[in-house]
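Some notes on the structure that comes next.
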Amino acid sequence: MSQSVSGNWNADLLEQNYARWKQDTDSVTPEWKSFFEGFELGLTQSEELAEGVRAAVPEDAALERRTDSLVYNYRTLGHTIAHLDPLSSAAPENPLLSLKSIGFTESDLERTVSTKYFRDGQPMLLREMIAELRGIRREGDKVVIGALARHAEVADSDAVKAAIPALARLAGTIGDVQVRNRGTIGGSVANNDPAADYPAAVLGLGATVVTSKRRIAADDFFQGMFATALEPGELLVGIEFPVLEKAGYAKMKNPASRYVMAGVFVSRGPGGVRVAVNGAGPCVFRQAAMEKALAANWSPDAVAGIAQPADGLNSDIHGSAEYRAHLVTVMAKRAVADAG
Ligand SMILES: Cc1cc2nc3c(=O)[nH]c(=O)nc-3n(C[C@H](O)[C@H](O)[C@H](O)COP(=O)(O)OP(=O)(O)OC[C@H]3O[C@@H](n4cnc5c(N)ncnc54)[C@H](O)[C@@H]3O)c2cc1C
């Protein structure tokens with residue numbers, strides 16, 4: 001089980017830890033160490049490879065390194081090309097994400113490449129690899145969303161709106177316009193902030209998390225506060241959401257940040273009823289009593305009388321555990337109504 005570092009970071013802490021790590025790589029916790037190693041890998045490989053652009057045609061090994069760099073840079077810096085300035089018509093750019101800075105040209109998009117950071121080294125066209133990391137598509141009875149899809153893209157996606165409207169609505173409630181333009185589904189799910197929205201949809205729909213190494217069922221993915229099944233160096237590549245008969249979401253948001261105070265995602269499909277609660281506890285969890293009640297009677301009234309125990313729920317300046325427990329029942333009713 002890995003602990004995400006960004007769960008505890010702020011800019012000062014990040015800079016302090018980075019300075020310490022630069023002086024002595026063992027002076028920070030293993031999570032920070034692995035984070036800085038990954039970050040530097042992307043940067044240094046880009047710099048080295050930029051030097052190599054003028055060099056000869058790449059050998060296989062160089063091609064693989066370039067691909068590693070590209071995927072790594074997209075993963076760590078992909079959000080920097082979000083369009084945040086409504087007054088500017090110029091598309092935002094980050095030189096570290098350009099093909100050229102990594103030693104590729106446009107024609108390389110049609111080359112077959114592979115990297116250990118993507119689909120366990122399976123060969124594929126570079127163009128497909130980039131598209132898959134960013135794309136949103138309907139594939140039979142599921143919607144597949146690439147890790148780098150930003151919240152605004154999910155909220156506006158015709159494929160998501162048609163297949164799982166509750167997921168599009170959920171994405172549209174995340175933070176504000178700036179946050180939705182910059183935040184990514186992969187970053188949000190890998191971070192597993194207890195107050196984040198997406199974990200409720202992933203668990204509530206019984207989605208599958210696809211990583212650079214394996215496929216992880218939602219029930220096994222979220223492991224505690226800011227903790228997931230991702231191992232060091234394992235990249236989240238995308239998420240497969242099943243298209244189910246019914247799905248709905250409701251959350252009580254913090255009015256300042258729009259983070260979740262308590263939220264509930266419900267769904268009904270061939271595998272049964274799922275009720276996932278976010279914001280209320282240290283980690284998203286399933287509410288078994290509500291699932292049973294909804295399986296017998298799919299209506300808001302079926303959950304109205306089910307009290308969520310306050311034991312173990314979050315208590316902070318925003319609200320007590322008892323308040324959050326009360327909200328769970330209210331949100332569950334609203335989520336079922338939202339699902340229709
Ligand atoms: C003011 C504000 C309000 C917000 N309100 C909400 C809200 O209402 N609801 C909500 O859900 N969220 C909210 N957020 C969080 C936001 O939606 C982002 O998703 C979140 O901050 C993560 O950012 P990111 O997507 O850029 O990921 P990053 O910050 O890039 O990454 C987060 C963590 O995940 C890791 N990571 C990123 N991508 C991958 C990957 N592909 N594979 C493996 N690990 C990866 C990173 O190493 C890092 O540890 C808010 C944020 C802010 C600043």
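List every residue pair whose Cβ atoms sit under 9 Å apart, with the two residues 6 or more apart in sequence or on different chains, where the first one lies in the range 185-204 and is under 17 Å from Q287 (Cα atoms) and the second, anywhere, is among the acidic types (D, E) and not in a helix (DSSP H, G or I). Close Cβ pairs satisfying both conditions: P199/D193. Starting from residues that are surrounded by 13 or more Cβ atoms within 10 Å (Cβ to Cβ) and without any contact (Cβ under 8 Å) to a residue 60 or more places away in the chain, keep the ones in the range 300-314 and report whichever is nearest to A280 (Cα to Cα). If we take residues in the range 300-314 being surrounded by 13 or more Cβ atoms within 10 Å (Cβ to Cβ) and without any contact (Cβ under 8 Å) to a residue 60 or more places away in the chain, then L313 is nearest to A280 (Cα to Cα).
Figure legend. Inter-residue proximity from the range 162-173: first residues surrounded by fewer than 18 Cβ atoms within 10 Å (Cβ to Cβ), second residues at pLDDT 95 or above, beta-carbon distance below 6 Å, spacing 6+ or different chains. Indicated pairs: G172/A155. Any residue in the range 140-152 that is assigned to a helix (DSSP H, G or I), among the basic types (K, R), in contact (Cβ under 8 Å) with a residue 40 or more places away in the chain and within 16 Å of the ligand (Cβ to nearest atom)? No, because not a single residue in the range 140-152 is assigned to a helix (DSSP H, G or I), among the basic types (K, R), in contact (Cβ under 8 Å) with a residue 40 or more places away in the chain and within 16 Å of the ligand (Cβ to nearest atom). The set of residues in the range 187-244 being surrounded by 19 or more Cβ atoms within 10 Å (Cβ to Cβ), assigned to a loop (DSSP other than H, G, I, E, B) and near the ligand (Cβ under 9 Å from one of its atoms) consists of N192, D193, A195, A196, D197, S212, F226, L230, L235. Going by the structure shown, is V264 within 26 Å of P309 (Cα to Cα), touching a residue at least 40 places away in the same chain (Cβ under 8 Å), away from the ligand (no atom under 15 Å from the Cβ) and among the hydrophobic types (A, V, I, L, M, F, W, C)? Against the criterion (within 26 Å of P309 (Cα to Cα), touching a residue at least 40 places away in the same chain (Cβ under 8 Å), away from the ligand (no atom under 15 Å from the Cβ) and among the hydrophobic types (A, V, I, L, M, F, W, C)), V264 does not qualify.
Only one of the numbered conditions (1) in a helix (DSSP H, G or I); (2) more than 15 Å from the ligand (Cβ to nearest atom); (3) among the charged types (D, E, K, R); (4) touching a strand residue (DSSP E or B) at 6+ places or on another chain (Cβ under 9 Å) is violated by R180, and that is (2).
Taking the range 179-206 as the range and being over 12 Å from the mean Cα position of the chain (by Cα) and modelled with pLDDT of 95 or more as the test, the residues that pass are P194, A195, L203, G204, L205, G206. Of all residues in the range 77-104, those that are modelled with pLDDT under 70 and within 13 Å of the ligand (Cβ to nearest atom) total 5.
Note on the range 168-177: residues that are within 6 Å of the ligand (Cβ to nearest atom) and not in a loop (DSSP other than H, G, I, E, B) amount to 0. Taken together, the criteria exclude S267 from residues that are in a loop (DSSP other than H, G, I, E, B) and among the hydroxyl-bearing types (S, T, Y).
The values are calculated or read from the model by the stated rules, or taken from the named source; none is laboratory data. Source: prediction; values computed, not measured. Using ideal geometry, Cβ is built from the backbone for each residue, glycine included, and neighbour counts are taken over all protein chains shown.
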